1. For A:ARG35, which inter-copy label distances result when the label point lies 7 Å beyond Cα on the Cα-to-Cβ vector, reported in nm to one decimal and in ascending order?
2. Given Cβ point charges of +1 (Lys, Arg) and -1 (Asp, Glu) and nothing else, what value in debye, to the nearest 20, does the dipole of segment B:7-289 about its Cα centre take?
3. Okay, helix-only estimate at 222 nm for the protein assembly as shown: each DSSP H run of n ≥ 4 adds -39500 (n - 2.57), divide by all residues, round to 500 deg cm²/dmol; what do you get?
4. Across the residues of B:93-106, average count of Cβ atoms on other protein chains within 10 Å?
5. Project the alpha carbons of the protein assembly as shown onto their principal axes and report the range along each, largest first, in whole Å.
6. How many partner chain Cβ atoms sit within 10 Å of a residue's Cβ in peptide A:178-184, on average, as a whole number?
7. Suppose R0 equals 56 Å. What FRET efficiency, 1/(1 + (r/R0)^6) with r the Cβ-Cβ distance, do B:ASP36 and A:GLN4 give to the nearest 0.05?
8. Select from A:ALA241, A:ALA98, A:ALA179 the residue whose mean-square fluctuation is largest in a Gaussian network model of chain A (Cα-Cα springs shorter than 10 Å).
Number of protein chains: 2
Amino acid sequence: MMAQPIAVAIHGGAGNMTPENLPSEKAKQIEAYLRDVVEEAHRLLSEGRLALEVVEIAVRRLEDAGWFDAGIGSYLNERGFIEMDASIMDGKTRRTGAVAAVRGVRNPITLARLVMERTSHVFIVGEGADSLARIWALPPLRNEVPTISPGVVTQGTVGAVALDKYGNLAAATSTGGIAGKKVSRVGDSPIIGAGTYAENGVIALSATGYGEYFIRSVLTYDIAARIRYAKMTPAAAIQSAFKERLESIGGTGGVIAVSPQGEVFFHFNTSGMYRAGKDSAGRLTVGIYK
Amino acid sequence: MMAQPIAVAIHGGAGNMTPENLPSEKAKQIEAYLRDVVEEAHRLLSEGRLALEVVEIAVRRLEDAGWFDAGIGSYLNERGFIEMDASIMDGKTRRTGAVAAVRGVRNPITLARLVMERTSHVFIVGEGADSLARIWALPPLRNEVPTISPGVVTQGTVGAVALDKYGNLAAATSTGGIAGKKVSRVGDSPIIGAGTYAENGVIALSATGYGEYFIRSVLTYDIAARIRYAKMTPAAAIQSAFKERLESIGGTGGVIAVSPQGEVFFHFNTSGMYRAGKDSAGRLTVGIYK
């Protein structure tokens, strides 16, 4: 019997990082962290864990890192406090959970998953979402110690996509949004079809970048639709969606994807994107710059 | 010179209304209101007003009606107060504005439009959105008198789509969400690509129904994608999207659409949808039941 393919990819945000502005010591540290997260995710998939579980676990680790614009590393809004957005999608059932503008929870991705599992809703924001986090006794955001480095400049949204050995795709995205954003501004990360999308047999996607443009482009679902309806390859769908939908209105950012065959894709139009992946052939990719 | 086509359609929500459970006197009153809103919208379009302005004006009147689940007529959440969602999209530029879980504003659709016009963001929720409504001195929700009838059972989300004489499409949707919903639950109405979508040359759409299923289906953008990428007619795209995307996971509701040629479409899988439209040939449609 042929082994079922598994694959995983993660990102820590697209941005303007270059070898000139990011100290090489720091870059090495981040790459090691990304590699560790993706290797653990791949191992869990090989052990038979569901894609949905694995993307949540991977995103939790990225939220906890402190380096990325998610969880404890989130940018502050215009009034100086953190508000976070996250979503998760199960490609098998198209069930989803999302939260936005939450303030008090350490791992918004877990809150998003519990919205999916424990309520009849899919998207809960602000006070209502923070209230559920307290009711469900999720660890609070405060008093956390970033894993990598406290006080460093954060960089971008985090996300994960995976294919498990049962053929299920899943995607998860989490962010602190734009630095200095208005209170309770929501970006693309919690929007199904904009920042996150997964559907078995089609594609799993997580985006990063200037969220307003990804919302206006319905970017991740546009990529899925090009694959389904225009019969494009994932690579062609991603490239043409960026060009025709996102860049045509001035949008910048990136996306990661895993196909039903276990291919891994990275695409970004910025100078860098923190990323790592391991495809169905076991090929490991870790990178920051173009 | 041939006249440029104009068209408009509005809805007051899909639901379980039937000639048996909706008193005929009330039905006549609602139909008269819908006719009046759509006739005014059509007149404004004929005078050269932009589709974007007209959909906002139409939705404001539906929010003010008191009969529909939007504005003053909104359902109450689990704690007994109103929280509203709305979005608007300009098909010419793909600019959008959206708000969710707002409590204190009479016309969420106008707040959504101002988010689009006056901020660098496209989606602001909860406290942040209510704060902007106060800063911009928008009329508050309280102390309003419903236009049609206070105290009646409300029925559904409202929306409008239009084609102006310059070839621009626009869409707008506004809702009070599901009765008894959790605090700050967000449905599909403020989600671009789920409850609302407009793109010149493609289609303008506004949806109504059980929002969770529309989010999971990315329903309005799926319809647009079928038109763009699968080269379907709008009618075929709407029918197949409902069947393959929404009904396959148990979703119920409806959608209204206007095409770039000025055709008007209504589709719903419930027993009724409050609706009215006037197409490029000047044909008026007003209806409630199948």
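1. Listed shortest first, these distances are 7.4 nm.
2. 340
3. Values: 14 runs with 170 residues, N = 580.
Taking each H run of at least 4 residues, the total per residue is -9000 deg cm²/dmol.
4. Details: counts 2, 8, 3, 3, 0, 3, 2, 7, 10, 1, 0, 0, 0, 0.
For peptide B:93-106, the averaged partner shielding equals 3.
5. On the principal axes, the protein assembly as shown reaches 72, 46, 45 Å in Cα extent.
6. Values: counts 2, 0, 0, 5, 9, 9, 15.
Average neighbour count from other chains, rounded to a whole number: 6.
7. Working: r = 60 Å, r/R0 = 1.07.
About 0.40, to the nearest 0.05.
8. Of the options given, A:ALA179 has the highest mean-square fluctuation.
All of the numbers you see were taken from the coordinates with simple rules; none came from a lab. Quick caveat: nothing in here was measured; it's all calculated off a predicted structure. Here Cβ is always computed from backbone atoms with ideal geometry, including for glycine, and neighbour counts include all displayed protein chains.
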